[in-house]
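The values are calculated or read from the model by the stated rules, or taken from the named source; none is laboratory data. Please read all numbers here as calculations on a predicted model, not as lab measurements. Neighbour counts run over all protein chains shown; Cβ positions are idealised from the backbone, glycine included. When the accessible area is computed, the model is the full protein with side chains, heavy atoms only, and any ligands, DNA or RNA have been set aside. Shrake-Rupley method; radii C 1.70, N 1.55, O 1.52, S 1.80 Å.
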Amino acid sequence: MMKIALVAHDKMKKTMVGFCIAYEDILKKYKIYATGTTGKIVMDETGLEIERLASGPLGGDQQIGSLIVNQEVDLVIFLRDPLTSQAHETDIQALIRLCDVYYVPIATNLASAEIFIKALDRGEFSFREVRKTTSQRV
């Protein structure tokens, strides 16, 4: 079963809720992790079951990073607020870096999140198999 992590900056939480409502039928098929506040807000507004981690600034981003390292997350949807400075920016950059290192797709805005969720629904996520094939050749 694919596993998805949800993260949203404060000004993007309503957008995340709207996204989760729009794609609830797809999301409910998967294991979902979320940082604390994002997870609570999404659960309050949808019927989705979410494993909540710590709030982002309190280590939730790092917990998701740990899940990525352990290959327990297959997709990250991180709706970032590009216009507001974040006190934990280094944690955010570390999370994005881990996605790159471990070949985990990360959507950082609504447009890319929609593309990824629709591709996931169509069964087009095979990056782990591709990675196994290519890493055997290296």
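Check the stretch 72-83 and report whether any residue there is more than 20 Å from Glu124 (Cβ to Cβ), in a helix (DSSP H, G or I) and open to solvent by 40 Å² or more (accessible area, probe 1.4 Å). The answer is no, given that none of the residues of the stretch 72-83 is more than 20 Å from Glu124 (Cβ to Cβ), in a helix (DSSP H, G or I) and open to solvent by 40 Å² or more (accessible area, probe 1.4 Å). In the stretch 105-123, the residues that are under 18 Å from Val17 (Cβ atoms) and in contact (Cβ under 8 Å) with a residue 24 or more places away in the chain form Cβ pairs under 7 Å with partners that are open to solvent by less than 50 Å² (accessible area, probe 1.4 Å) and assigned to a helix (DSSP H, G or I), at six or more places apart or across chains, as follows: Ala107/Ala113; Leu110/Thr15; Leu110/Phe19; Ala113/Phe19; Ile117/Ile26. Would you check if there is a residue in the stretch 49-62 being surrounded by fewer than 18 Cβ atoms within 10 Å (Cβ to Cβ), more than 12 Å from the chain's Cα centre (by Cα), modelled with pLDDT of 95 or more and of a type in the set (Asp, Glu)? Within the stretch 49-62 (the criterion being surrounded by fewer than 18 Cβ atoms within 10 Å (Cβ to Cβ), more than 12 Å from the chain's Cα centre (by Cα), modelled with pLDDT of 95 or more and of a type in the set (Asp, Glu)), the answer is yes, since at least one residue qualifies.
Taken over the stretch 2-58, residues that are hydroxyl-bearing (Ser, Thr, Tyr) and without any contact (Cβ under 8 Å) to a residue 24 or more places away in the chain amount to 1.
On the stretch given as the stretch 12-40, residues that are open to solvent by 60 Å² or more (accessible area, probe 1.4 Å), over 12 Å from the mean Cα position of the chain (by Cα) and within 21 Å of Gln63 (Cβ to Cβ) total 2.
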